[in-house]
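This is the structure I want to talk about, given as structure tokens.
The values are calculated or read from the model by the stated rules, or taken from the named source; none is laboratory data. This one's a predicted model, so the numbers in the text were calculated from it and none came from an experiment. Cβ coordinates were reconstructed from backbone atoms using ideal geometry, including for glycine residues, and neighbour counts include every protein chain displayed.
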Amino acid sequence: MAITPSQKQAIEEVLRSITSAIGAPRKRQLAGMFLELVDRHTWPEYYQVIPEPRCLNGIQAMLEKNRYKDPLDAYTDLSLVFLNALFYNEPESQISLDAQTLKSLLISEWKSKALPTPRDSPPPSSAQKVHAPLPPPPAPTPTPAPAAKISLPPALPPAPIAPIPSTSNPVHSQPPAILPYTPPPVEPSPAPESPESESESEVEELTDGAYGPASGAPTDTQIVRQLERGLPRYAPLLGEGGGWMADVKHERHLEIVQAIKAYRDAAGVKLSQALDGVPEDKMPITFKLLESRSRSKTFYTSSRPFDFDVARMFECGRRYYLGRGGGVAGEGGEEWRRVLALQRVAHALTSAHPPPQPLPQPLVIAPSLQAPGTRRLDSIAHKGFVLAPGDYVHVSPATENIAPGAMVRPIIARVVGCWRDDAGEGGVSVRWYLRADELRHLISRRSIGAIEGEVVRTDKTTHHVLADVLEKVACQHVSSAPRGRPRAPAWYPGWPLYVCGYRVDPTRGRLRRIRRAEWFGTQDADAHEALDLFERPVRLGGQQPPQGAVADRSVVTAAGLAVSATEKLPPETKRHFERDPTTGEVLWFPGPPMHLARAPPPRHRLEYLHFLAKKYHPDLEPRTVVVNGDDPMGGDSGAADADVEMGGSEPPAKRQKIVPQEVYLSASERIRQALRAFEAA
């Protein structure tokens, strides 16, 4: 039985009082950090410590759907929101202080309503009860021992260690965040294990239900994903020097969110649908949450935390679609490119010179600048990233010369200079790296483009404003790529990773191999530093074909022309064709499928069938042979070059001639004819 309408209204009033609570300084919303669940992808250890995570928006949704059967169940979930924060965070942190304030407010508001009296102690499902240290067992009663023997008391088991909360303190003026949990130190065992036993235990851990069948060995991709769990995420700069948006009125924040959400590209596709398709546990910041915070006049006290939330939303979207692929490097698919295209629109709206409202759809991205700024810099910050010469980035290309409806791919570039112009606008000068599939006219070796994420270095250099820079990426030499990926700060989990081993030789118009000594040398202007790798050797995957499309194949028609086209076949047709074991492409040939019955070929030629017809039916008209052109030797051109027609149709007299053929006679008939001729003579 569900709760009564009066009880539901009272619980909603309690929840409304909690969400509208204001604290000092600057009249901030105390419940802002408790509205949504903690991001499972960013803080996976939180879900290992907290048994039952709860959030205020989730409780509000449960109330609206009448999921609670008892008012005390709603009180238990509300109390778990603040008890989890008190257990996970440091007692002196701002999150713990706000949780304690809201917990006291919950108790007072609940008692003021006509609701059942709750329990005073934490619920059994709280982390305080689950991780509570067990009381030590009572000491054994001493017994009199014989004089001849000395008995020692049994050793007591050690008491479990309580979890130690984190030691980091958040700043209340920054966007709300959840503090990481620091587990207690573990004492080493007196008998260390051998390296063989450690490797066996690691393989057993990777071959459980989460990584495939227990009987099979883990794949390279699964091992890579397991190793990524222990790597730190990139921490963006949150201060004033992080290259964030300048302060504007809070009404402008809501306009920016609505313009990003409603933006459509040249093909009429709503790009925000790519972010809406990400699961809720992977998106701590959503459009709905941004709109709710932007409508509040007290949440975003400056534009920097607002810009940080927008950048975090796009980062989660990029990371989600990049991780859905089965490879260990390269870039994402079509949804990933839509997130990047929408991020460029967000950069334009949050720049110092935003486009006029209403936003033109599609937004035309201007081409690169003719020259860089006059003021040279060693590094420059943009959206929490520090860009310096030698870093790899994704740059948004110009859209004014691109055909409508075409999916634009980001440009892979290496920063060669940072600058500011006379107006104070920052920018970077970059050198382009083209993908292997974009240089098919120069590639003559099959080895180029066979590795996932392989790019080719060029000498083309362009200059872009910071709004064109989408994200940081990484690139490594092809010789070191199979040995593992680089450690931070050269690469972080969630960054696209590319492989380079060739460069374009503009003088000869061909590709030239970049040797390892040249890549890491000091004489070359593009020399790289040696990277510290964290993985074991892995097998890099091949280039993945476009989803739903068959590979581009050339088909020779009957006229001798080569026609190349990309066709989409239904699933019931694809299953009859073989696939390439390396790329997974459908092997499309102008013939019947391999697993279907084929029609038998003809057994007899047309001349033989005509001979049989005349043998059993002598009254048929004589067969005529139409020869295409006269034989220069004066004879027949042959059956191979002749078109046989039945019925004696008359061809044009100038270009064709009719040659009558002798009627077949048996031996007895010829003897009779010879006797008649002899008698007549």
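If the Cβ limit is 6 Å and pairs must be 6+ apart or interchain, which residue in region 107-125 that is within 18 Å of residue 69 (Cα to Cα) pairs with which residue that is hydroxyl-bearing (Ser, Thr, Tyr)?
That search, which allows pairs on different chains as well, returns 118/75; 123/76.
In this structure, does residue 6 turn out to be in the same structural domain as residue 64 (by TED's automatic domain parsing), small (Gly, Ala, Ser) and either modelled with pLDDT of 90 or more or under 16 Å from residue 55 (Cα atoms) (or both)?
Judged against the criteria, residue 6 is not a match.
Could I ask something else about it? So which strands (runs of 3 or more DSSP E) are wholly in region 464-518 and hold at least 3 residues that are more than 24 Å from the chain's Cα centre (by Cα) and assigned by TED's automatic domain parsing to the domain that holds residue 395?
497-505, 510-513
Say we look at region 492-514 and pick out the residues that are without any contact (Cβ under 8 Å) to a residue 24 or more places away in the chain and of a type outside the set (Lys, Arg); which of these is farthest from residue 530 (Cα to Cα)?
Within region 492-514, the match that is farthest from residue 530 (Cα to Cα) is 507.
Condition check: under 21 Å from residue 28 (Cα atoms) and among the aromatic types (Phe, Trp, Tyr). Does residue 306 satisfy that?
So residue 306 passes the test.
For residues in region 263-284 being touching a residue at least 60 places away in the same chain (Cβ under 8 Å) and within 14 Å of residue 361 (Cα to Cα), which is surrounded by the fewest Cβ atoms within 10 Å (Cβ to Cβ)?
Of everything passing the filter in region 263-284, 267 is surrounded by the fewest Cβ atoms within 10 Å (Cβ to Cβ).
Still on this structure: Out of (1) at positive phi; (2) buried (at least 18 other Cβ atoms within 10 Å of the Cβ), the odd one out for residue 390 is which?
The single condition residue 390 does not satisfy is (2).
Which residues, counting only those in region 314-332, are of a type outside the set (Phe, Trp, Tyr) and modelled with pLDDT of 85 or more?
Within region 314-332, 315, 316, 317, 318, 319, 322 meet the criteria.
Here is a further query. Have a look at 518, 471 and point out the one that is in contact (Cβ under 8 Å) with a residue 60 or more places away in the chain and either surrounded by 14 or more Cβ atoms within 10 Å (Cβ to Cβ) or closer than 27 Å to residue 318 by Cβ (or both).
471
A further question follows. Within the set of pairs 6 or more residues apart or between chains, which connect a residue that is surrounded by fewer than 11 Cβ atoms within 10 Å (Cβ to Cβ) inside region 369-381 to a residue that is not in a strand (DSSP E or B) with Cβ atoms less than 7 Å apart?
Sorted first by the residue in region 369-381, then by its partner, the pairs are 374/421; 374/422; 378/388.
Please go through (1) part of a helix (DSSP H, G or I); (2) at pLDDT 90 or above; (3) farther than 26 Å from residue 113 by Cα; (4) not β-branched (Val, Ile, Thr) for residue 48 and return the number of the only condition it doesn't satisfy.
Condition (2) is where residue 48 drops out.
Another question, if that's okay. Of all residues in region 15-45 being part of a loop (DSSP other than H, G, I, E, B) and over 28 Å from the mean Cα position of the chain (by Cα), which is farthest from residue 107 (Cα to Cα)?
Here the residue is 26.
While we're looking at this one, here's another question. Residues being buried (at least 19 other Cβ atoms within 10 Å of the Cβ) and under 26 Å from the mean Cα position of the chain (by Cα): count how many of those fall in region 244-262.
Of the residues in region 244-262, 5 are buried (at least 19 other Cβ atoms within 10 Å of the Cβ) and under 26 Å from the mean Cα position of the chain (by Cα).
State all residues of region 411-439 that are assigned to a loop (DSSP other than H, G, I, E, B) and under 25 Å from the mean Cα position of the chain (by Cα); if no residue qualifies, say none.
439, the sole residue that qualifies.
Quick grid of which residues meet (1) surrounded by 17 or more Cβ atoms within 10 Å (Cβ to Cβ); (2) under 24 Å from residue 286 (Cα atoms):
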{"residue": "18", "(1), (2)": "yes, yes"}
{"residue": "35", "(1), (2)": "yes, yes"}
{"residue": "75", "(1), (2)": "yes, no"}
{"residue": "78", "(1), (2)": "yes, yes"}
{"residue": "92", "(1), (2)": "no, no"}
{"residue": "96", "(1), (2)": "yes, no"}
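Taking region 480-535 as the search range and keeping residues that are acidic (Asp, Glu) and in contact with a Leu (Cβ under 9 Å, 6 or more places away or on another chain), which one is nearest to residue 328 (Cα to Cα)?
535
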